[in-house]
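Contents: one structure, followed by commentary.
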Amino acid sequence: MPELSFDIVSAEAGARGLTPMVVFKLRITSSTPEERVESVILRTQIQIEPGRRSYRSDEKERLGEIFGSADRWGQTLRNKLWALVDISVPPFTGSTEVRLPVACTYDLNVLSAKYLDALQGGDVPLLFLFSGTVFHPGPDGRLQVFQISWEKECAYLMPVETWKRLMREMYSDTQWVSLQRDVFDRLYALRRERGLQTWDATIEHLLSRVEIAEGSVT
């Protein structure tokens, strides 16, 4: 029975499409290179490991919404789920490389996006946990089935720039904001009443009013 091991080789921003994606290249290696593996139904859980990197002061300030004040990070800097990816691996002998596509969002209400957006450089520590089913021919030629060991995992440092570049390619210099329906309706009404041509102009109008009220603008 072949024993499989897993390693992430690289990560790259996916081709422009309906959904932005980071595509990981995964190498799967069999412990018995002479035996053919007919297929693998593979499930991968990808976690962000925030405790495995250091943070600049401006990053800490932005991450406070997720982890609280920096003095509490010893208790709050826990792994966060990023994605679950299911793929079917075609037949191979010895080793093979497959793609793990991870759909990304720029919605900062989503914890993973909020975390990645807060980082200004360096790497994102990731943990890949593997499970699933392996199909291979036995000594008599009959197809055998076994489960991937629950302890199969690997770590990978994804450059922050990989995700940042993907967001720039998809959204340019814009930022995605989600609003409650009633808040949006009020904002849209204000835009119409003031004759403001864009949403940027609408937000700028509101910000200037706040600055004037607080005495920061004369």
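Since every read-out is calculated from the coordinates, none of them should be taken as a lab result. Note that the coordinates shown come from a computational prediction; the quantities given were computed from them, not determined experimentally. Because the Cβ atoms are built from the backbone with ideal geometry, glycine has one as well, and the counts that use them run over all protein chains shown.
Which values, in whole Å and largest first, are the semi-axes of the equivalent ellipsoid of segment 96-172 obtained as the square root of 5 times each eigenvalue of the Cα gyration tensor?
Values: eigenvalues 269, 36, 27 Å².
Result for segment 96-172: semi-axes of 37, 13, 12 Å.
Counting pairs of Cα atoms in segment 136-213, how many percent are more than 18 Å apart? Each step should come with its number before you reach the end.
Working: 2110 of 3003 pairs.
Cα-Cα pairs of segment 136-213 separated by over 18 Å account for 70 percent.
Compute the distance in nm between two label points, each set 7 Å from the Cα along the Cα-to-Cβ direction, one at Val145 and one at Ala70.
Simple spin-label model gives 5.3 nm for this pair.
Between helix 160-171 and the chain, what is the angle of the helix's C-alpha long axis to the longest principal axis, kept within 0 to 90° and rounded to the nearest 10?
Tilt relative to the chain: about 60 degrees.
Report, by chain and number, residues whose modeled amide H sits under 5 Å from the one on Met21, excluding near sequence neighbours (fewer than 5 apart, same chain).
Under 5 Å from the amide H of Met21: Gly14, Cys104.
Would you mind listing how long segment 1-85 runs along its three principal axes, going by Cα atoms, in whole Å with the largest first?
Sorted from largest, the Cα extents of segment 1-85 read 53, 34, 19 Å.
Per residue, how big is the convex hull of segment 46-143 when only Cα atoms are used? Give it in Å³.
Working: hull volume 13.5 nm³, N = 98.
Expressed per residue, the convex hull around the Cα atoms of segment 46-143 is 138 Å³.
Quick one: Cα centre-to-centre distance for segment 83-107 and segment 151-218, in angstrom?
Segment 83-107 and segment 151-218 have Cα centres spaced 32 Å from each other.
Could you give the length gained by full extension between Ser172 and Ile212, i.e. 0.36 nm per residue of separation minus their alpha carbon distance, to one decimal place? Write down the numbers at each step before the final one.
Values: separation 40, 0.36 × 40 = 14.40 nm, distance 3.05 nm.
Taking 0.36 nm per residue and subtracting the Cα distance, the gain is 11.4 nm.
Out of (1) 15.1; (2) 16.6; (3) 11.5, which label holds the value of mean projected area of the Cα convex hull in nm² that was computed here?
Of the listed options (1) 15.1; (2) 16.6; (3) 11.5, (2) comes from this structure.
Straight-line reach from Lys164: which lysines have a Cα under 17 Å away, not including same-chain ones fewer than 8 places off?
Counting by Cα, and skipping residues close in sequence, Lys164 has these lysines nearby: Lys114.
Determine the gain in length on full extension of the stretch Arg78-His205; use 0.36 nm per residue of separation and subtract their C-alpha separation, reporting nm with one decimal. Intermediate values should be presented prior to the final figure.
Numbers: separation 127, 0.36 × 127 = 45.72 nm, distance 3.95 nm.
Value of the extension gain: 41.8 nm.
Working only with C-alpha atoms, what are the Rg and Dmax values of segment 1-48, expressed in angstrom?
14.1, 41
Over all alpha-carbon pairs in segment 35-74, figure out the percentage whose distance exceeds 14 Å.
Values: 478 of 780 pairs.
Everything past 14 Å amounts to 61 percent.
Under 14 Å from the Cα of Lys152, which aspartates and glutamates turn up, not counting those fewer than eight places away in the same chain?
Qualifying aspartates and glutamates at Cα under 14 Å: Glu3, Asp7.
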